[in-house]
Each structure stands twice: as C-alpha cells, then as structure tokens.
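See structure below.
The values are calculated or read from the model by the stated rules, or taken from the named source; none is laboratory data. This one's a predicted model, so the numbers in the text were calculated from it and none came from an experiment. We place every Cβ from the backbone using ideal geometry, glycine too, and count neighbours over all the protein chains shown. Remember, those area values only see protein heavy atoms, side chains included, never the ligands or the DNA or RNA. Shrake-Rupley method; radii C 1.70, N 1.55, O 1.52, S 1.80 Å.
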Amino acid sequence: MDGQSFQRQIQNIPPEQVYRFLHSREGGLRAREVEERLNEVGLNTLEETRRLVWLKSLGRQFTNFFSILLDISAGICFVADSIQPGEGMNILGWALLGVSILNALFSFVQEYRAERAMEALRKFLPQNVQVRRDGQEMQILAEQLVPGDVLSLSEGDKVPADARLIEVQDLIVNNAPLTGEAHPVRLSAEAQDTILTESINVLFAGCMVKKGRGQAVVFTTGGRTEFGKIATLSHEVKRNASPLERETGHMVRVLTYIAVTMGAIFFAYGVFTGRSLWVNLVFMMGIIVANVPEGLLPTFTLSLAMGSLRMAKRNVLVKGLNAVEALGAVHVICTDKTGTLTQNQMAITALNDPQTAEPLENALRSQALGMALAASDVGEGENGLRGDPLDVAVAEAFIADGGIFQAVNDATIKRFSFDDEKRRAGGVWRQADKTDYCVKGAWESLRPLMKRVALADGSVVDLDGERLAAAEDVVHKMASSGQRVIALAYRQLADASDGDATQEQLEQDLILKGFIGAEDPIRDEVPGAVAACHTAGIGVVMITGDHPETAEAIARRAGIVAADAPAGSATVTGAELSRLSKVQLVQKLKDGITVFARTTPEQKWKVVSAFHELNKVVAVTGDGVNDAPALKAADVGIAMGKSGTDVAREAAQVILLDDNFASIVNGIEEGRTIFNNIRKFTNYVLVSNGPEILPYLLYMLFPVPLAMTVIQILAIDLGTDIIPSMGLGQEKPDPEVMKQPPRDHKQGLLTFPLIAHSYLFLGLIEAAFALSLFFWVLFDGGWVWGADLSVRDPLYLSATGITLSSIILMQIGNLFGRRSRTGSGLSLDFLSNPLIVGGIVFEIVFSWAILYFPPLSTVLGTGPVDLSVYAVAWIGPFAIFALDYARKRVLAGLRARGMAIPSG
C-alpha cells in the first residue's frame, strides 16, 4: 500500500481498527519495534534546507555600508596608482580590499557562532511527549516518535506528529499552524468520510491542544507530515529587524553619509584650489576611511552573543539576539502569580464547611476530596502524578487521607477540562450506589449555579440569602489569609446515563459541598527582586486568575502592593476590567492599580495595550496556550521553561529556565548592562576618529605634510582598538545600573551628546596632543612651514610614527574613562576582565613597536624618535583621562543643582 492510499484511508476506519492498521497495540510498541522503525523512517524532525544559507549570510556582510565604502576606497587607490604609479597606492588598495574581506569574514564568523550558540541554548528545552510503550506510560523526546507510537496529549501540548485519534475527552485543537485559521476545532475519534486534511479524527503536527485530552496513534512523522510538507515547500521568512539592529543600521548610515559628504566637499575644494587629481583622490580616500569605524559591527555581534550566554547562566534563555538588549529597556513587568512569584508547589491546607469555616469531619472530608479529584485531570507518569499543580495537590491530599487514587480515576467516566472563561472543571463520578456530577472552580463562577448547600450533619438545605452570606464570609476569611479558595459542588444524577449530558445540562441545581483552601508559598527571593525593580524604576503588576483577596495578600507579601495601602485600593477584578474602556483602564494604571484578579488570559492583552498607550515598554510572563496573544503583544514576552506550554514558549522571546521572577530581574540587569556596554565601546571607537580626520583637513587647508596615512588609520581601527572594544563589551554590571530609571526606548545609540563627546571633546584633545608632537618632531628636525617633505624622508617617518603612537597611548586613558559614565573607571576590578588587560598591554607594546621595531615600522611607514619624545607621549593618556574626569565632575555638580544635562 503506497503512502497516498494509506493516508486516504487512515481517517476512514473506526477507532478499534487503528491499532491493527498501524501494526501497533494498546500497550504501545515494543523496544525492538521502535528501533526498527526509527532506523527505517528516521528522527521526527524537519530537516532545514541549509543550501546556500551560509553564502547569503556571507554576502550580506559584503554589502553593508562600511564594506562597500572600503571597496570604493580600494577602487580609488587603484585609480590613483594608474594616474601616478610608484607611490604605493596599489598596495594600499589591496590593503583596503583585504580589510573589507577580513571585516566581512569576522562579522560572518561571529554571526555564525551566535547562531550556533542560540541553537545550543535551545537544546536546554527539548519538546517531551507522553507515550505508551511496552505497556508503560513514559516521556520521550518528540524526535524519538515513530509510526505506531501511542500518544497522550492534553491542554497546552503541541502535537508532535500526525496521529489518528482513538479516544477523546472534550478535545479541542487550534489548527492555525496548518490551516491559518485560528478557530478552535472539536475533535472526535469516530471514523470520518472526508479527506485527510478535513478530518476531525486526526491530529496534525505543529497544531496546539487548547482544551481536553486524547489518545492517538502516530501514523506519520518528520517531513512526511502535512506540516512538514508545507515547511519543505515554503521559503524562508525574512526576519524583521530588531530596534537595536535598526538603530545600528541608522548609525552606520549616518557615519557613512558624514564620511562621503566630507570626502566629496574637500575633494571639490582641492580641485578648486588647483591641487592635483592624485592628491585629491588620496585625501578623499583618507577622509572616508578615517570616518568609518571598521571594527564596530563585529564587536556589536560578539557583545550581544556573549550577553546571551551570560543570561543563560542566570536562567534566562533568549531566543534571538535582539531580545538580549530589549529586556534592559523594560518599564513594566506584568507577571503571573503561580509558579513565578510562588514556588508552584501547591498544597491543600484547608477543606472547610461552607457555612462555618470549620474543617470538615473525616468522613465528609474524604467524600469531598473524592469529589474534588473527580473534577481534576491527573495522570500517573514515570515521576509520579502529573497535571495542573492544583489538581495534583488534590490527588495528593486524597491519597494522604487514605483514598485510592486509581479507584476514583477509573470511576470518573467523563471529564470536563478547566475552562478559562467558565473558570471551573468538572467530572462525572460513578460509585457503587450513586453517580455524581462533581465540579470545582472559582466561587464567583459557581455561585449563580448553586441552589442548595450541604451541612455538617449531612443534610442538604436551600441556599437562601442568609446561608449565601455565610458562604461569602467563609470565602472572605480564607482568601484574606492568602489562601487560594476553590468552591466544591456536586449534583446527584438520577441515572448513570445522565453523565452523557452536556456540561451546561449537568450544571443545574448544584449543591455547595465546601471550600478548598490551597497555598503556594511565595519564593524567598521574590520580595527582594520586586524591591530591586522598584529601585530601578520598573513597575510590577500581578495578573492572576485567583480570588482578589488572595491575590492582594500575595502581592503584599511580594511587595507589589504597599503594606499600608488600604484593602482593595490596588486591585481590579476581571469583571471590572471587562467593563472598563481603554481610556478608563489607562487612568486606573496611572492611579496605581497593580493587581488584576479573576482575569482570563485574554484580558492580559488588554492590560498590555493600556500600558502601550502610556508609552511603556512591557514585559509579560505567561505559561498557558491562551497567554500567547499577550506574549506576542508585549515588547518582551517571557514564557516559563518548566511549566510553560509549547505554544507559550514559541510565542515568547525569552524563556525562564527556572520559572523564577527573580531571574527576570537578572535578565533586565544584563540587558541594561549590554546596552550600556555597547554605548561604551561605540563612544570609545568614535573618539579616535577625531585625530584621524583632523590631519587630512589640515593637509588640505594648509601647506603641511599629512600627519597620518590610511594604513596608520587602519592600524588603529582594525588593530589596537579592537581588543579594548571587545573588553568594554564584556564589562560587568555597574552597581548603579539597577538604581537608575529605564532608558527612553526611543533613545538611540548615536545621540548628539555622544557624538559631541567623541568628536568635539575627546577627539579634539587627542588630535591636538598628537599633532603637537607631530609638529614638534618636524620643527625640531629642521622642517620649515610650507616646505615639501617626501613621504620617505626619515623626519616624516618619525613625525607620523609619534603621531600614531601618541593616539594609541591616549586611547588607554580613553578606555579607563569609558568604563564609567560618572566615575573614574580606575577600580581594580578591570584586572578581572582579560580583554581589557590584554588590550592595554597590546596598545603599550604596539605604541613602542611602531617606532622601534623595523619590520612593523616599515609596513606602517613610521620611524623612530628620541626616547625623550616617546616619554612625553606618555603624558597623553593621563591628560585625556584627567580632562574627561574633570568634565564628569563638572556635569555632576551641575546636575546636583538641578540642571538638565544629557548624558554623553
């Protein structure tokens, strides 16, 4: 039977024939069968088409503005050499071309390494699936699935392969990844007389289970699935540029425009003043190269990639380099309660009478726990019970009370999974002498359905106004103590066949049985983390489905709500939220609302949108299927690594490996640090552009020799500046970084204060000092103003050598100054940064070698100077450091007086 006829028939056969059709059995495949099928069909993965991808990536590095500019400069050199041969311009052209190639290769290697690092980090979170093999339930990696495997799926799972359903319990899926339609589809196990893709008895790989549970037998894996066929045919979708990438591109374009504009203006000036074409071409090329920080872009990529690795060590997994910096710009964190602020270790702490709040007696307690278990969705796995933490807690309490878990589980003939909108779950429990419909959920959702109440003496009476008020008092008392309150009710069915009725039919004339109190202890580190957020100017908002009093009690313990705030003053319920317009909600947020209780996952999106109206950068945590819209709407979506569903993790940009709120704060600190470090090395690199540009301007305007050649400029940009820049990119977090408010998300990298500080302050200091040494050596050697000087003259070689050497030395002082925006940067912890130490050593050695090491000085066109002159050059790093520190102190004093001084 070929694959096409096989797939046409799989949906047409009744469920009891599926095992035989797929050569499987109810107990699942045996180990030998799995091995044979794995060898035959391969792993259940989609093999990505990698042909030519690396060539496209490499080609992208050759077509950025910087590379094109270097290539044009190389072309200018070749043209100049053809005009006036023998001046070495062809060698310079090949050097520039080599720089362009090396720059592109370096960026390509860093991007490739970053992608490999991301792939390695993603392997921390492999998709596991529940299967039955050799008669045992077990969890395996999804890639190990083979045709014939018996698969168990429940709410929040991503379907790992195409599979034929054999058993369903209120199963609803979202086939949007396959069909593009987000409408929920209710599935059945019965045979269908339709084509495969329209059958409601088939689960398709890549789709999501929104509700219920089911069992299915896998019939197709990997690239042979319907999803795999589409993925194979589809083209790679172009990724949108991140804000940081757009800002980087903007910076590159600005610097390129400056370089080209200056080159063109002074080329025209040279032509107008009668200078030769060769001189004008050399000058224009020098201006362009001096303005282009050739090593900046690969340093960007490396800094972000290393930052992502540091985040992973702090349990924050970023799915893309753009998310590394995005965390640092967050203004507000909208967080779940369970598992994020709390330990996600739910325990049943109370089971109280619905009228007196007294604990139920033993017999009534056992009966109530049995009802609660029937309304829960719990299974047994290799590592014990599995399911929702609350459901597992109910099962554990039932077992601890002497109950037999499997007996109740087997006797529950029908289950209704927890519904986000209804906020309740139910089950039909068939016992020896009766059949009950049992339901547990939020008191607010069950209260309208209640007609009677069970009393402590076993009698059942009408739930009149007085008794309803008593029940409300019990809920209030339990919730205000921080307990999660779950109402428990039931309805005795006249006949077991009544269990076939719909949930709406069953939920009539319910009897209130009691109130379950559950507690999930708050994580020890959360109060400190919330306090750190407040210190950093970051708001924290709790959005939970819990009772408002329970939510507020936990929020007070966490520090989200002030201890002295009036009860209820910071809380809005889901019912209230649904009635608020966006304008009203925005006003509520301005008024200080920080807790949203009894909300649905969909209402998270409404809160996120309101914060966007306030121009806030929002991070949202989520773990459920329905959290995906809010995670996508947020500036930074954060999914839970342990408890999160596959769909939540796919929608998010960031994954918490330990589900811990404190890890979000760690990620924000790293994100802020990375952005600050990027600004540090950008500032550092642009400073040397000043002393590289000014010699060319003087050369064009005055009758003086050229103080720096293009080769010498490249020695700085792609030589001595690279290692210190990388070192600044790896600096540790500043102790003050979490004591400052979030940066304006519109703030770019290349701001006017940064340009002014780099070019007009530090750049001019370096240029003035270096050029003073240049002219000192010239005049001391007998040169007179306006006299021609050959580029091979030893005096010229010595003068350009000390110019280059002094700039390199002054970059050491600049390096220390960039380590701190307001402080000196001289702290001894720089010794713990090997790239900083290595960069300083390299600059010192290089500054000496270009003067006194003939093989290097010959290549760079430099010559030796008297040691006393070299000693004077050492004044440069101390002078630039001292002047910059004086600037910092003056600005600090002005800010202390209340003046608004932008940071540089």
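Kindly provide the set of residues from the range 342-371 that are assigned to a strand (DSSP E or B) and within 22 Å of Arg556 (Cβ to Cβ), ordered by number.
Of everything in the range 342-371, those that are assigned to a strand (DSSP E or B) and within 22 Å of Arg556 (Cβ to Cβ) turn out to be Thr342, Ala347, Thr349, Ala350.
With of a type in the set (A, V, I, L, M), modelled with pLDDT of 95 or more and either touching an Asp or Glu at 6+ places or on another chain (Cβ under 7 Å) or farther than 15 Å from Gly763 by Cα (or both) as the only criterion, which of Ile808, Ile836 stands out?
Result of the check over Ile808, Ile836: Ile808.
Could you go through the range 361-377 and let me know if any residue there is touching a residue at least 40 places away in the same chain (Cβ under 8 Å) and within 22 Å of Met138 (Cα to Cα).
Scanning the range 361-377, I find at least one residue that is touching a residue at least 40 places away in the same chain (Cβ under 8 Å) and within 22 Å of Met138 (Cα to Cα), so the answer is yes.
If I go through the range 868-881 residue by residue, how many of them are open to solvent by 20 Å² or more (accessible area, probe 1.4 Å) and touching a helix residue (DSSP H, G or I) at 6+ places or on another chain (Cβ under 9 Å)?
7
Take the residues of the range 419-433 that are part of a loop (DSSP other than H, G, I, E, B) and open to solvent by 60 Å² or more (accessible area, probe 1.4 Å): which is modelled with the lowest pLDDT?
It comes out as Glu421.
Restricting the search to the range 453-469, which residues are open to solvent by less than 70 Å² (accessible area, probe 1.4 Å) and either without any contact (Cβ under 8 Å) to a residue 12 or more places away in the chain or under 51 Å from the mean Cα position of the chain (by Cα) (or both)?
Val453, Ala454, Ser459, Val461, Leu463, Gly465, Leu468, Ala469
Can you tell me how many residues in the range 394-408 are in a helix (DSSP H, G or I) and touching a Ser or Thr at 6+ places or on another chain (Cβ under 9 Å)?
Summing the residues that are in a helix (DSSP H, G or I) and touching a Ser or Thr at 6+ places or on another chain (Cβ under 9 Å) in the range 394-408 gives 3.
Here's the yes/no breakdown for (1) open to solvent by less than 50 Å² (accessible area, probe 1.4 Å); (2) closer than 23 Å to Ile413 by Cα:
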| residue | (1), (2) |
| --- | --- |
| Thr435 | yes, yes |
| Arg447 | no, no |
| Lys451 | no, no |
| Ala471 | yes, no |
| Val474 | yes, no |
| Ile486 | yes, yes |
| Leu493 | yes, yes |
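Identify all residues within the range 819-830 that are small (Gly, Ala, Ser) and either touching a residue at least 12 places away in the same chain (Cβ under 8 Å) or buried (at least 24 other Cβ atoms within 10 Å of the Cβ) (or both); write none if there are none.
Ser820, Gly823, Ser824
Considering only the range 342-352, I want to know if a residue exists there that is on the phi < 0 side of the Ramachandran plot and open to solvent by less than 10 Å² (accessible area, probe 1.4 Å).
yes
Among the polar types (S, T, N, Q), modelled with pLDDT of 90 or more, buried (at least 20 other Cβ atoms within 10 Å of the Cβ) and touching a Lys or Arg at 6+ places or on another chain (Cβ under 8 Å): does that describe Ser376?
Judged against the criteria, Ser376 is a match.
Out of curiosity, is Phe816 touching a residue at least 24 places away in the same chain (Cβ under 8 Å), in a helix (DSSP H, G or I), among the aromatic types (Phe, Trp, Tyr) and touching a Gly at 6+ places or on another chain (Cβ under 7 Å)?
yes
This table checks each residue for (1) over 23 Å from Ile723 (Cα atoms); (2) of a type in the set (Val, Ile, Thr).
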site	(1), (2)
Val837	no, yes
Phe842	no, no
Tyr852	no, no
Pro855	no, no
Gly863	yes, no
Ala892	yes, no
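Keeping to the range 657-704, report how many residues are over 30 Å from Lys313 (Cβ atoms), among the β-branched types (Val, Ile, Thr) and part of a helix (DSSP H, G or I).
The total comes to 2.
Within the group Met726, Met640, Met708, Met700, which residue is open to solvent by 10 Å² or more (accessible area, probe 1.4 Å) and in contact (Cβ under 8 Å) with a residue 40 or more places away in the chain?
From the options Met726, Met640, Met708, Met700, the qualifying one is Met726.
Could you list all residues from the range 513-526 that are more than 24 Å from Asn344 (Cβ to Cβ) and surrounded by fewer than 24 Cβ atoms within 10 Å (Cβ to Cβ)?
Those that are more than 24 Å from Asn344 (Cβ to Cβ) and surrounded by fewer than 24 Cβ atoms within 10 Å (Cβ to Cβ): none in the range 513-526.
Results for (1) out of contact with any Phe, Trp or Tyr (no Cβ under 7 Å at 6 or more places or on another chain); (2) modelled with pLDDT of 70 or more; (3) more than 29 Å from Ala161 (Cα to Cα), shown as yes or no for each residue.
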{"position": "Glu35", "(1), (2), (3)": "yes, yes, no"}
{"position": "Leu38", "(1), (2), (3)": "yes, yes, no"}
{"position": "Leu58", "(1), (2), (3)": "no, yes, yes"}
{"position": "Val79", "(1), (2), (3)": "yes, yes, yes"}
{"position": "Pro85", "(1), (2), (3)": "yes, yes, yes"}
{"position": "Phe108", "(1), (2), (3)": "yes, yes, yes"}
{"position": "Arg122", "(1), (2), (3)": "yes, no, no"}
{"position": "Gln130", "(1), (2), (3)": "yes, yes, no"}
{"position": "Leu141", "(1), (2), (3)": "yes, yes, no"}
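When the residues of the range 495-512 are narrowed to those that are open to solvent by less than 40 Å² (accessible area, probe 1.4 Å) and part of a loop (DSSP other than H, G, I, E, B), which ends up farthest from Ala558 (Cα to Cα)?
Ala501
Give just the number: which of (1) modelled with pLDDT of 90 or more; (2) over 17 Å from Ala518 (Cα atoms); (3) buried (at least 21 other Cβ atoms within 10 Å of the Cβ) does Phe416 not satisfy?
The failed condition is (1).
Only one of (1) touching a strand residue (DSSP E or B) at 6+ places or on another chain (Cβ under 9 Å); (2) farther than 25 Å from Leu390 by Cβ; (3) polar (S, T, N, Q) fails for Gln492. Which number is that?
Gln492 satisfies every listed condition except (2).
Looking for whichever is open to solvent by less than 20 Å² (accessible area, probe 1.4 Å) and either of a type outside the set (S, T, N, Q) or in contact with a helix residue (DSSP H, G or I) (Cβ under 7 Å, 6 or more places away or on another chain) (or both) here; the options are Gly893, Gly839. Which one fits?
Of Gly893, Gly839, the one residue that is open to solvent by less than 20 Å² (accessible area, probe 1.4 Å) and either of a type outside the set (S, T, N, Q) or in contact with a helix residue (DSSP H, G or I) (Cβ under 7 Å, 6 or more places away or on another chain) (or both) is Gly839.
Among (1) of a type in the set (Phe, Trp, Tyr); (2) assigned to a loop (DSSP other than H, G, I, E, B); (3) touching a helix residue (DSSP H, G or I) at 6+ places or on another chain (Cβ under 7 Å); (4) open to solvent by 70 Å² or more (accessible area, probe 1.4 Å), which single condition is Trp785 missing?
Result: Trp785 fails condition (3) only.
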